[in-house]
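A.B. asks: Attaching a single structure in structure tokens format; questions to follow.
The values are calculated or read from the model by the stated rules, or taken from the named source; none is laboratory data. Just so you know, these numbers come straight off a predicted model, no measurement behind them. Reconstructed Cβ throughout: ideal geometry from the backbone, glycine too, with neighbour counts over all protein chains shown.
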Amino acid sequence: MLGKKIIVSVFILSLFFTGLLLSRSDAAMAASNLSMGSSGAEVVQLQESLNTKGYWCGAADGIFGLQTYQGVTRFQKDASLVVDGIVGQNTRQALGLLSNTASTTGSAVSRGAADSRGGEVINMVATGYDSSWESNYPFYGQPSYIGLPLERGIVAVDPKVIPMGTRLYVEGYGDAIAADQGGAIKGNRIDLYFDSRQEAMNWGMRTVKVTIL
């Protein structure tokens, strides 16, 4: 009789500890989800991925706010996922994001970091422009700010962030030179020159890594 009581007690304790471990595992999994209020390197990676895919959520500042939430829900809807604004395993997979471990070991690049070219790297919001009147008013028909002709590779920046004449490498665009300025180019913004209006429009607006060479 005593033996049966001991067996029952051990069984009950086993169930208890198993349930405790499972609940902790669920809690850890939930904690890894990104949602409104989250912040940090993983959010930067999320924002960059959304912007690159055309779900613009503002500058990649690492803060999961309303714009990021709206970008996530639009993506979830288009990807036929549960539209809850929470970036869990399924949404991460669909966005092609790295695992939590990989993303917290330096995927977010900020001013002062370096890439394989050995230069300083800055996260910047990039838009396209061309030689059209719409892109150059009130300087239509004029060369770049430092006098170089407008052609692919000429980019406009805020000289307080990147000095004029600096050679750059722009992710997704290629080699460039900071040779132009613009009234709306303030802070971590960059305008990339394209040979046609259509190319500039196709580029749209996205967050890119800009390497100072």
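A.B. asks: For the stretch 62-74, how many residues meet the condition of being in contact with a helix residue (DSSP H, G or I) (Cβ under 6 Å, 6 or more places away or on another chain) and aromatic (Phe, Trp, Tyr)?
C.D. replies: Qualifying residue count for the region: 1.
A.B. asks: Give me the pairs, please: first residue somewhere in the stretch 66-95 and closer than 15 Å to residue 55 by Cα, second residue anywhere and of a type in the set (Asp, Glu), beta-carbon distance under 8 Å, and either six or more positions apart or on two chains.
C.D. replies: 73/84; 76/84
A.B. asks: If you don't mind, there's one more thing I want to ask. Mind checking whether some residue in the stretch 200-213 is part of a loop (DSSP other than H, G, I, E, B), buried (at least 18 other Cβ atoms within 10 Å of the Cβ) and in the same structural domain as residue 125 (by TED's automatic domain parsing)?
C.D. replies: Just the residues of the stretch 200-213 that are part of a loop (DSSP other than H, G, I, E, B), to begin with: 204, 213.
Right, trim to buried (at least 18 other Cβ atoms within 10 Å of the Cβ) and you get none.
Looking for residues that are part of a loop (DSSP other than H, G, I, E, B), buried (at least 18 other Cβ atoms within 10 Å of the Cβ) and in the same structural domain as residue 125 (by TED's automatic domain parsing), one finds none in the stretch 200-213, hence no.
A.B. asks: Just one of the numbered conditions (1) closer than 27 Å to residue 71 by Cα; (2) touching a Leu at 6+ places or on another chain (Cβ under 9 Å) is not true of residue 205; which one?
C.D. replies: Only one criterion is unmet by residue 205, namely (2).
A.B. asks: On to the next question. Tally time: how many residues in the stretch 164-199 are aromatic (Phe, Trp, Tyr) and loosely packed, with under 15 Cβ neighbours inside 10 Å? Reasoning before the result, please.
C.D. replies: Taking the stretch 164-199 first, the residues aromatic (Phe, Trp, Tyr) are 169, 173, 193-194.
Checking the rest, the ones that are also loosely packed, with under 15 Cβ neighbours inside 10 Å come to none.
So the answer is 0.
A.B. asks: Considering the stretch 55-70 alone, what residues qualify as being surrounded by fewer than 22 Cβ atoms within 10 Å (Cβ to Cβ) and either among the β-branched types (Val, Ile, Thr) or touching a strand residue (DSSP E or B) at 6+ places or on another chain (Cβ under 8 Å) (or both)?
C.D. replies: 56, 59, 62, 63
A.B. asks: Go through 136, 90 for me and flag whichever is of a type in the set (S, T, N, Q) and either in contact with a Cys (Cβ under 7 Å, 6 or more places away or on another chain) or modelled with pLDDT of 75 or more (or both).
C.D. replies: On the way: 136 fails: either in contact with a Cys (Cβ under 7 Å, 6 or more places away or on another chain) or modelled with pLDDT of 75 or more (or both).
Result of the check over 136, 90: 90.
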